[in-house]
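Each reported figure results from applying straightforward, stated rules to the coordinates on display, with no laboratory input. If you're wondering where the values come from, they're calculated on a predicted model, not measured in any experiment. All Cβ positions, even for glycine, are placed from backbone atoms using ideal geometry, and neighbour counts span all protein chains on display.
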Amino acid sequence: MPAAPAAAPPHRRPRLRIAAALAASAAVLAACGGSGEGTGQVVPDAQLTVAMAFAPGAGYAIDTDDAFVLSQLGVTETLVASGADGQARPALATAWEQQPDPRTWRFELRPGVTFQNGEPLTGEAVANALDRLAGVEAPPRAIKSIGLDAAADGATAVRVTTTAPDPVLPLRLSSANTGILAPSAYASTPPAVQGTGTGPMTLTRADGIQSATLQRNDTYWGERPQLAGVTANFVPDPAARALALSAGDADIAQELPDTATLEFTGDEYTNETVAAPRTASLQLNQSRAPFSDLRVRQAVTAAIDRTALGEQALAGSAVPAAELFGPAVTWGAQEPPPPADPARARQLLAEAGFGPENPLRVELGTYANRPELPTLATAVQEMLRAAGIEANIRVGDYDAREPDLLAGDYDMYLVSRSYLLDVPDAGATLQSDYSCAGSYNINRYCSPEFDALLAPLASETDPAARQEVFRQASAKLVTDAVGVPLVHTRANGVGHQVAGYTVDPLAKTLVVPGLAKTG
Amino acid sequence: MTALLLRRLLALPLVVVAAAVLVFLLPRFSGQDTALAVLRSRTGEADPDPAVLAALRERFGLDGSWWDQFTAWAGAVLTGDLGVSYTARTPVSGLLWPALGVSLTLTVAALVVAGLVGIPAGVHAARRPGGRLDRALTAGSVLGVAVPEFVLGTVLVLTFAVTVPVLPATGWGSPAQAVLPVVTLAAFPAALAAQLVRAETIDVLGRVHVTVARSKGLPDRVVLWRHGGRLALTSVTSLSGLFLGGLLGGSVVVEVLFSVPGVGRLLYDAVLGQDLPVVQAGLLVVIVLAALAGIAAELLALALDPVARSAVR
Amino acid sequence: MSAEVVTGRRFAAAPWVRRLQRPLRAGAVLLLGVLVLVMMLPLDPTANDLSQRFAGPSLEHPLGTDQLGRDVLVRLVVGARISIGFTLVVLVICGVAGTLIGTLAGWVGRTLGQLFQRTIDVLVAIPAILIGLVVVAASGGAPGLWSLLLAVVITGWTPFARLTHQLVVRERSREYVEGALAIGASPGRIAFRHVLPNLSRPLLAHLCLRFANVLLTVAGLSFLGLGPQPPTPEWGAMLAEGRQFMFNAPQLVVLPALAVVGTALVVTGIGRALERRRPTGPSGQF
């Protein structure tokens, strides 16, 4: 066994260094900037305990969000790997190519891979897994309504067809939901996950939403896993996870309260905070007054101090957002947003006909499922007040409000939304959220220029070219003041005496072969 | 005694039917789309696709009338089939029974702790009403009644897991992990038992047969425990029946606070995810158990108290 | 009826308790005055100042500020309006409904009385927290003051009804009732004009004891996120919010906790003082 003391994980994500952007929260940064690899010697064949934030509520069903748990625990793997750079990389498939008929892609499978129970990874097995996934009553976001159909192409390849040409199909097959399970897994509903994955860890015991036990997969095709076993405890309460870590009940804890991460400094801690591909935005209803007026929207944008929201209101748990896409992705804005300008906000409001005699009164809605949203709403209300806008906060259930939002019956609504929808490509989000025909266009924004900008995405396969479109689209949204992107959520995690631990902003990886405990 | 038992047992089906109707109807008063909620609990932020929602509704039988839905569900429950969870897609019984086991363990442990602390405290306080010990114990019990589980639990965590980290604050499985949840849950019944036992014992000590026993020269301690203690126990027993039911549900806070995988947390998650089969079956089982516990406690109290027993006859 | 075992307390209240009664009463009056005053104050619990986060106590902010630079004292006071005001509303509804139902049930005869007993048995068996969960489910997953009200009231009236029922059944056999019956007064008139007024004192004592119970239930439901949503400063919700700052600002947990427990203690004290001044009667404190 290669006892490398500071083994780098095989597919380490580009870790975000936001120090320059966030000088004010120096304390947080001091904790997350360094000591990424632990200090002591790697302990071979150790047992590791993780306090995980998300519990598998759907019985580890691969078509649900539980797939992220499986993927993070190193149980399942996908055909393609991908990261925040939007590039597809080999995983269970070693190569892929769009066929002359652009609706079909052919994936060459990695030879010699077996499932943890010994079944071989064949074209037949992969096609079966993908077709089962596409056949569930509510297919996951990544492959929803694309008409995915897979067929074996000999023993070592698989052909995947969609109803329309799909330029990002390889990226879609990097979604955690498309993890490949052995054919025998599908004898039950939801599919059985014990011994049916291909990943470095085999799930040996699943104890509901309480815990899971995993053992090293000795037949793993890649680098030999350092850990002999992993125990995952699902602890939904953030404060409780922090306590578990400080008490030594866990070696790694995900998503700690931000004030708690300050506790875990020093050489024995790996304390990481990365920007996640998620933006909390203030949606402004353009289908009616007052936000049909560009000047009023710009006034709101100018009134809000986004830097203060991220660093103070949310105590550094979020990155101030300059635009829709943030530093989590390569095409996102790396620059901080412009500072607030209440004077300009007042002036714009005056031009639009609002002033001290005729103040602008609006309702600011949001929901409480994400605890940061009411906090943001409270801080935004105060900032708007300073600019002469009276916003009345209304917190309620999102599902109940959604029909109103989609029908354009609201003023301002604060939402938190992932802009990647499980695939490191923003095309789907831009289409559904901002195009005229978009199914989720809460802002009620409709610009033919914008739609024309998105047109090439239908066929462009080159990541660089696509990302250039994303940049232009995002800039156009800023120009037209389509809502106000407030902050980008951050993901954090702390490891105690571990090596090879990184926080994946896309929430796909955690237990990797290089993860180890140190002495 | 037998007549009472019969009466109570005959009333039980009534309780069950009423509870069944209640737990079935209440969640359905919502204007909420169960299919959408289920979809969102499987995959967060899923855009509602009308075709998918319709398919889900059909498979869950949500498109039929309430009466059809109720008879179908009630019929299945009568044959022991609690249905299949919407989110987990596994039989409800597989989720419910283990969770119930955890909750019962937690609750019974809390009740035992409460009894072991509360009853002696009450009896000792009653020996000299107004004495120093009585004052201290009464103050403690008043505080115990006024401090809710979520405050006590948080304070205990703050003290024994943050400030002086000696106990784990989460999880379930090891005895150490059980300490904080059990103590949190036991405080209220212990305080109430202490108050009750104190009042009862003082009352009993004034009764004739106790005075007789005393005059026969029995030592105070013996009189206190043999007569006072035993009579006081009856009221505590009947109270514990109510507690068992109350604690089963009341442990929701404790289970959520300490990440204990009990029936309270199961129900909490199920309600938030609109997992109706789990909500219905879970509530029904808890209510029936609570009713049974009430009957058992009542009978036990009768068995312990000869005076009340003759009164019932 | 097993609760009959819980008979009166034929013992003198401890001297320290008696000594405490007068200050307690004075304290209660004072508290009431302060509360009325506070209800009048125009306070904004969401006014925040991000440059003043987690500030310690100062003249401007006597209890310091929270994670958004909001004044903790202001939030506690506004929280008192919500928590205490809401509890009072719940109690009035439960008290009126429970007393009416209990009086009627005590008067209508054996069969209906039995039915009433069994209904109560069912409802008492269901803890308010569970009802709260179901009501939140029934309110479309949008918790708020209304669903909270419903959750507490559904089971909250039963102790009142049970107590009134017991008392009415006992009072019925009293001489003044038999006298009234003899001179031909209608049962309804007797129930509400003669019997009910005689029970007002035990009911009032019971009301105080229930107050603490309802207050704690409401705060507990809010703590679980089943009540008013942030930024509404309900005490239970404030405590829940403060938990994430437990490490570096424990006062955000401790202060709302003290407010809840302190209020419960004071009102319980008043209730006990009231209860102690009547000779006998079921305590019904569960």
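A few comments on the model shown:
- In segment C:219-275, GluC sites (Glu not before Pro) in a DSSP loop with at most 12 other beta-carbon atoms within 10 Å: none
- Axial C-alpha extent at least 15 Å, average Kyte-Doolittle at least 0.0 - helices from chain A (DSSP): A:123-135, A:372-386
- Cα centroids of segment A:186-223 and segment A:410-467: 36 Å apart.
- Rounded to the nearest 20 debye, the dipole size of the protein assembly as shown about its Cα centre is 6300 debye, using +1 on the Cβ of Lys and Arg and -1 on the Cβ of Asp and Glu.
- Residues whose amide H falls under 5 Å from that of A:Leu109, counting only those 5 or more places apart or on a different chain, are A:Thr94, A:Ala157, A:Val158, with hydrogens built in the peptide plane.
- Overall dimensions of segment A:442-507 by Cα: Rg and Dmax, Å: 17.6, 54
- Straight-distance crosslink candidates among lysines, where the alpha carbon sits under 26 Å from A:Lys508 and sequence neighbours closer than 8 are dropped: A:Lys144, A:Lys517
- For segment A:341-402 versus segment A:134-178, the spacing of their alpha-carbon centroids is 42 Å.
- Cα-centred dipole magnitude for segment C:41-276, charges only on beta-carbon of K, R (+1) and D, E (-1), debye, nearest 20: 860 debye
- Amide hydrogen proximity for A:Met412: with H placed 1.01 Å from N in the peptide plane, the residues at 5 or more positions away or on another chain lying under 5 Å are A:Glu363, A:Gly365.
- Inter-chain Cβ neighbour count for B:283-296, averaged per residue, equals 3 (cutoff 10 Å, partner chain atoms only).
- Cβ-defined net charge surrounding C:Ala47, 14 Å radius [Lys, Arg +1; Asp, Glu -1]: -3
- Scattering from segment C:33-73 was approximated by placing one identical point on each alpha carbon and applying the Debye formula without solvent; log10 I(q)/I(0) at 0.19 1/Å stands at -0.57.
- Isotropic mean projected area of the C-alpha convex hull, segment B:2-78 (nm²): 6.7 nm²
- Over the protein assembly as shown: Rg over Rh, Cα atoms, Kirkwood Rh: 1.00
- Between segment A:247-282 and segment C:73-134, the Cα center-to-center distance that results, in Å: 44 Å
- In terms of Cα atoms, the Rg and Dmax of segment A:390-474 work out to 14.8, 47 Å.
- Only Lys, Arg (+1) and Asp, Glu (-1) charged, at Cβ; segment A:383-519 dipole about Cα centre in debye: 600 debye
- Against the rule of thumb 2.2 N^0.38 Å, how large the Cα Rg of segment A:239-289 comes out: 1.77
- The C-alpha radius of gyration of segment A:140-180, expressed as a fraction of 2.2 N^0.38 Å, stands at 1.16.
- Value of Rg to Rh for chain A (Rh from inverse mean 1/r over Cα pairs, i.e. Kirkwood): 0.98
- The orientation-averaged projected area of the convex hull spanned by the Cα atoms of segment A:259-382 comes to 9.6 nm².
- Shielding by other protein chains, B:19-26, mean Cβ within 10 Å: 3
- The alpha-carbon of A:Lys476 sits under 19 angstrom from the alpha-carbons of these aspartates and glutamates, leaving out residues fewer than 8 places away in its chain: A:Asp293, A:Glu323, A:Glu335, A:Asp425, A:Asp433, A:Glu449, A:Asp451, A:Glu468.
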